[in-house]
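Student: One structure is given below, represented as structure tokens, and several questions about it will come after.
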Amino acid sequence: MTSPTDSGDAANPKRYHHGNLVEALIAATVEIIEERGAEHVSVREAAKRAGVSPGAPFRHFRSKTALLTAVAEQAMNRLTKAVADAQSKVDSADPIVAFEAIGQGYLEWAISNPTHFQIISSRTLIDFDASDSLRDQNEAVRRKMIDLLTQAQQQGRLAPDTDFDHLVLAARAFVYGLARMAIDGHFPEWHPSEPPSLAARRALHLFMSRISSKAQSQAHPEVATRDR
């Protein structure tokens, strides 16, 4: 049975239903961000939009940071699914292709979900370290990237001395930068001939192809010399 505190006002009965307060507050928070920006988010404003009393949310979210962290957790769940879906569409036997699919899934999701991308990206808005969900899923993606690079190296696709940690960092920075540029509207200045999402995907593919080809030429310099 829902307490009087949770039932709150009946101002917006379509927004909140029994047992769904957390989801309603998260949805209300996303609305606020999309309309006015993250700086205007407050727990009380989210409660008002969700149609509950001002004190109702504080049993779940004791601060604005906690509320935004919940939005980030929702975003991470969706991002993880988008990456998994992208990987399911490619040849899993090719580690370079599977590695690129992680980036492509990230790009597609980020460009399609700019509000969630903003929240999940900004460590100043959320308490990343306090969230087991955020830390575990982030680490799972990082470990998957390392595993794929290890497979690629074992197949002779990467040079024996490849520094995986720095390569993962470079790949993450590259994809993050592409997503940020697309969302912030920079592509018309730098690459006006294609839609931002297409340009970003092609840029990532170029990045990955250069990593693989350069690594193979380093591992087999006689091939690179012969091909000149």
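Student: If you plug each phi of the stretch 52-63 into the Karplus form 6.51 cos²θ - 1.76 cosθ + 1.60 with θ = phi - 60°, what whole-Hz ³J(HN,Hα) values come out, in order, with x for Gly and Pro?
Tutor: In residue order, the calculated couplings are 10, 5, x, x, 4, x, 6, 6, 9, 10, 7, 7 Hz.
Student: Still on this model: Which of rounded, prolate, oblate describes the stretch 29-186, given a ≥ b ≥ c as roots of the alpha-carbon gyration tensor eigenvalues and a/c under 1.5 marking rounded, otherwise prolate only if a/b is larger than b/c? It would help to have the intermediate numbers written out before the result.
Tutor: On the way: a/c = 2.68, a/b = 2.29, b/c = 1.17.
Since a/c reaches 1.5 and a/b is larger than b/c, the shape of the stretch 29-186 is classed as prolate.
Student: Right, another one. Would you tally the net charge around A179, using a Cβ to Cβ cut-off of less than 12 Å, leaving A179 out, and scoring K and R as +1, D and E as -1?
Tutor: On the way: positive: R172, R180, R201; negative: E108, D184.
So the surrounding residues net to +1.
Student: First select every other residue whose beta carbon is under 12 angstrom from the beta carbon of I126; then total the charges, Lys and Arg +1, Asp and Glu -1. Write down the numbers at each step before the final one.
Tutor: Numbers: positive: K64, R123, R135; negative: E73, D127, D129.
Cβ neighbours under 12 Å give a net charge of 0.
Student: For the stretch 69-177, which whole-number percentage of the solvent-accessible area (1.4 Å probe, protein heavy atoms only) is attributable to carbon and sulfur atoms? Mind showing how you got there, number by number?
Tutor: Details: 2720 of 5270 Å².
Carbon and sulfur together cover 52 percent of it.
Student: Stretch D129-S42 to full length: gain in nm at 0.36 nm per residue minus the Cα-Cα span?
Tutor: Numbers: separation 87, 0.36 × 87 = 31.32 nm, distance 2.12 nm.
Gain on extension, D129 to S42, equals 29.2 nm.
Student: Pop out the ³J(HN,Hα) list for the stretch 132-145 in order, Karplus 6.51 cos²θ - 1.76 cosθ + 1.60 with θ = phi - 60°, rounded to Hz; leave Gly and Pro as x.
Tutor: Running phi through 6.51 cos²θ - 1.76 cosθ + 1.60 with θ = phi - 60° gives 4, 4, 5, 5, 5, 5, 5, 5, 5, 5, 4, 5, 4, 5 Hz.
The values are calculated or read from the model by the stated rules, or taken from the named source; none is laboratory data. Please read all numbers here as calculations on a predicted model, not as lab measurements. For neighbour counting, all protein chains shown are included, and Cβ atoms are generated from backbone atoms with ideal geometry for every residue, glycine included. Surface areas here come from the heavy atoms of the whole protein model, side chains and all, with no ligands, DNA or RNA. Shrake-Rupley method; radii C 1.70, N 1.55, O 1.52, S 1.80 Å.
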